[in-house]
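Comments concern the structure below.
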Amino acid sequence: QVQLVESGGGLVQAGGSLRLSCAVSGVSVGKYATGWFRQTPGKEREFLVLLRWSGDDTRYGNSVKGRFTVSKDIAKNMVYLQMNSLQPEDTADYFCAVPRSATSDYIWGDNYWGQGTQVTVSS
C-alpha cells in the first residue's frame, strides 16, 4: 500500500521560509517521480514542481521558480520542498504526489496523493 504523508506546514511571516517533508512508503522515491502541488478553496490544484524519477532534472511552475527547491533522500524515502521568500499568495494546502507508474515522469495524471499540509503566510 502506497502512502504519502506531508508535514512541515504552519504559519510564517511574509519573506520567511518553510521546509515541507513528504514521507513515502510502499514505493521507492528512487524509482518514482515526485511532485508538489498546492490548492486553495475554490481553486484548481496548482502544479509547483516535478522531480524526475532519475533525480537529475526538475521542472518548476512559474509562480515558485527561483523560490522553491525540491529534493529527495532515497535512503529515507523522503521528498522535501524548501520554500523561501514566502508571500501571502503562497497560502494554501500543499500536497506531494507520486505517479502510479514507476519510471514515469508524468505527474499530471493518476497519482498517489498525500493528505496535505497547510501553509499560511501572513503579511
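The values are calculated or read from the model by the stated rules, or taken from the named source; none is laboratory data. Just so we're clear, the structure is a prediction, and the values are computed from it rather than from any experiment. Every residue, glycine as well, gets a Cβ built from its backbone with ideal geometry; the counts of neighbours run over all protein chains shown. Protein only, heavy atoms only, side chains kept; ligands, DNA and RNA dropped before computing areas. Shrake-Rupley method; radii C 1.70, N 1.55, O 1.52, S 1.80 Å.
Computed values, structure above
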item: The chain - accessible surface per residue (Å², probe 1.4 Å); result: 50 Å²
item: With every protein chain in place, the chain: carbon and sulfur % of accessible area (1.4 Å); result: 45 percent
item: For segment 11-22, Karplus couplings with θ = phi - 60° (6.51, -1.76, 1.60), whole Hz, Gly/Pro x; result: 9, 9, 7, 4, x, x, 10, 9, 10, 8, 10, 9
item: Nonlocal amide H pairs with Ser104, under 5 Å, H built at 1.01 Å; result: Ala33
item: Stokes-Einstein D in µm²/s, Kirkwood radius over Cα pairs - the chain at 25 °C with 0.890 mPa s viscosity; result: 173 µm²/s
item: Net +/- balance of residues flanking Asp90 in space, Cβ distance below 9 Å, scoring K and R +1, D and E -1; result: +1
item: Integer Hz, Karplus 6.51/-1.76/1.60 couplings in order for segment 68-85, x for Gly and Pro; result: 10, 9, 9, 8, 9, 10, 5, 4, 8, 6, 10, 10, 10, 10, 7, 10, 10, 6
item: Backbone N under 18 Å from the Ser17 label point (7 Å along Cα→Cβ), restricted to segment 70-84; result: 70-73, 79-84
item: Table column - 3J(HN,Hα) (Hz), segment 86-95, Karplus curve with 6.51, -1.76, 1.60, x for Gly and Pro; result: 5, 10, x, 6, 7, 4, 4, 8, 10, 10
item: DSSP-assigned coil residues among chymotrypsin sites (Phe, Trp or Tyr not before Pro) in segment 43-123, each with at most 15 further Cβ atoms within 10 Å; result: Tyr106, Trp108
item: Of the GluC sites (Glu not before Pro) in segment 1-53, those whose Cβ has at most 14 other Cβ within 10 Å and which sit in DSSP loop; result: Glu44
